[in-house]
Amino acid sequence: MIKKLTRHVRADSMRGLILGLAALVVTSSFAQAGDSTAGRKVMEQCQMCHGKDGLGKMSYTPNIAGQKYDYLVHALMAYKAGERKSQMMSLVVKKLNDEDIANVAAYYAAIKITVEVPQ
Ligand code: HEC
């Protein structure tokens with residue numbers, strides 16, 4: 001009984017390990033942070049709305065300057081997968097591959113920002 005249980009647990013943890021590794025492989029293409037210099041070129045498709053400086057140019061376009069790399073990648077992938085919907089962003093991300101996304105995320109993440117908390 002115990003032997004059977006141990007075998008079960010082992011099979012389960014192996015499965016967990018394999019799934020964990022698979023997830024790691026999927027995300028690791030982004031873990032090796034994008035190239036902000038290459039991202040500068042991709043940024044040309046974004047600057048009309050988010051600016052070269054990452055500050056939203058219209059009242060309805062968000063600031064993305066200095067945003068976390070992981071957050072930017074996640075947001076862009078979500079638009080691409082249709083999990084997050086925006087007419088504008090869906091059109092934009094359609095033209096980007098994974099490398100473009102990593103690079104443009106690295107570009108905007110690399111912008112240095114300072115903040116001032118209201119008194
Ligand atoms: C035509 C205008 C337009 C262009 C061009 C555009 N965006 Fe956007 N972007 C928007 C709008 C509007 C939103 C807000 C959408 C929403 O409500 O989810 C947005 C949202 C985002 C967000 C999510 C921000 C957050 O705080 O969650 C990211 C990241 C982003 N854009 C990155 C980019 C990048 C990178 C490019 C260029 C490859 C780009 N955008 C091009 C209009 C634009």
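Laboratory data are not the source of any read-out in this text; all were calculated from the coordinates shown. Owing to the predicted nature of the structure, the values given are computational and were not obtained by experimental measurement. Neighbour counts run over all protein chains shown; Cβ positions are idealised from the backbone, glycine included.
Net charge within 13 Å of residue 106 by Cβ-Cβ distance, Lys/Arg positive one each and Asp/Glu negative one each, not counting residue 106 itself?
-2
For labels at residue 113 and residue 38 in the simple 7 Å Cα→Cβ model, what's the distance in nm?
The two pseudo-label positions are separated by 2.5 nm.
So what's the net charge close to residue 97: Lys and Arg +1, Asp and Glu -1, counting the other residues with Cβ under 14 Å from its Cβ?
0
Would region 34-109 count as rounded, prolate or oblate if I go by the C-alpha gyration tensor, calling it rounded below 1.5 in a/c and otherwise prolate when a/b exceeds b/c, oblate otherwise?
rounded
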